[in-house]
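In what follows, a single structure is set out as structure tokens and then discussed.
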Amino acid sequence: MEMEKQENSAIVDVINWIKRNKNPFFGTIISVIVVALIITFVCVRIQMVRAAASDKLDTATKIIASGNLEQGLSLINDIIITYRNTPAAFRAIIIKASNLLFDKKYEEAEALLKFYIERAVPVSVRPIGYPLLISLYDDNNNVEQAITLSKDFLAKYPDNYLVPSVMENLARLYELAGKQDEAKEVYGELLTKYPQRLKADQTEQTEQAEQTEEKAN
């Protein structure tokens with residue numbers, strides 16, 4: 001009973017405080033409401049921007065797939081600039097970097113891929129940039145840099161689904177660099193961790209060899 005009286009007394013005190021400080025109190029409430037509305041507006045706006053960027057990216061990919069590369073890439077550039085830092089913009093960066101790599105414009109492609117690896121959102125998509133950048137260094141005869149980046153990827157993302165592919169390619173890079181011991185070590189690790197992967201590759205190579213032999217005959 002005494003506890004209940006104390007609680008009722010506290011409630012009365014709060015009500016009286018509100019009455020005495022009506023303007024400041026309601027001013028604070030209004031401020032909180034305004035801030036909440038602003039946050040809600042911003043969140044909705046972000047969702048709308050992301051949706052617009054995704055729709056535009058879908059259009060760009062369809063245009064490229066139809067064979068109009070120039071128009072599609074123009075739209076890709078517009079997405080990167082207009083909707084920067086959205087997931088769609090980073091997907092657009094991958095498309096643009098892939099095209100630059102195909103055209104052997106290594107410097108520009110490298111800058112884009114490094115930016116992607118460091119800044120892409122959501123963070124979970126950042127590993128996607130590594131194979132392209134590794135391929136860039138490999139294609140540009142910079143084997144040592146490709147090896148370093150491959151090891152960096154494997155250290156940062158040991159459980160990523162791209163690990164088997166990166167490891168297999170790393171073994172090949174070691175062979176190109178004349179580092180046979182390192183290549184054997186990676187192949188051994190692949191055999192231990194991903195035996196089915198090597199088995200599938202061997203089957204594919206056998207089938208390709210048989211097809212080549214059939215064509216020759």
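The values are calculated or read from the model by the stated rules, or taken from the named source; none is laboratory data. All figures in this text were calculated on a predicted structure; none of them were measured in a lab. Glycine also receives a Cβ, built like all others from the backbone with ideal geometry; neighbour counts cover every protein chain displayed.
A compact table of results
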quantity	calculated
Residue in the range 145-162 that is in a helix (DSSP H, G or I), closer than 23 Å to residue 50 by Cβ, without any contact (Cβ under 8 Å) to a residue 40 or more places away in the chain and among the hydroxyl-bearing types (Ser, Thr, Tyr) present	no
Single condition residue 49 does not satisfy, out of (1) in a helix (DSSP H, G or I); (2) closer than 17 Å to residue 121 by Cβ; (3) under 18 Å from the mean Cα position of the chain (by Cα)	(3)
Test set (1) more than 23 Å from residue 96 (Cβ to Cβ); (2) crowded, with 16+ Cβ neighbours inside 10 Å; (3) modelled with pLDDT of 95 or more - residue 167 fails condition number	(3)
Restricting the range 82-115 to residues that are modelled with pLDDT of 95 or more and either within 27 Å of residue 48 (Cβ to Cβ) or of a type in the set (Asp, Glu) (or both), the residue that is surrounded by the most Cβ atoms within 10 Å (Cβ to Cβ)	112
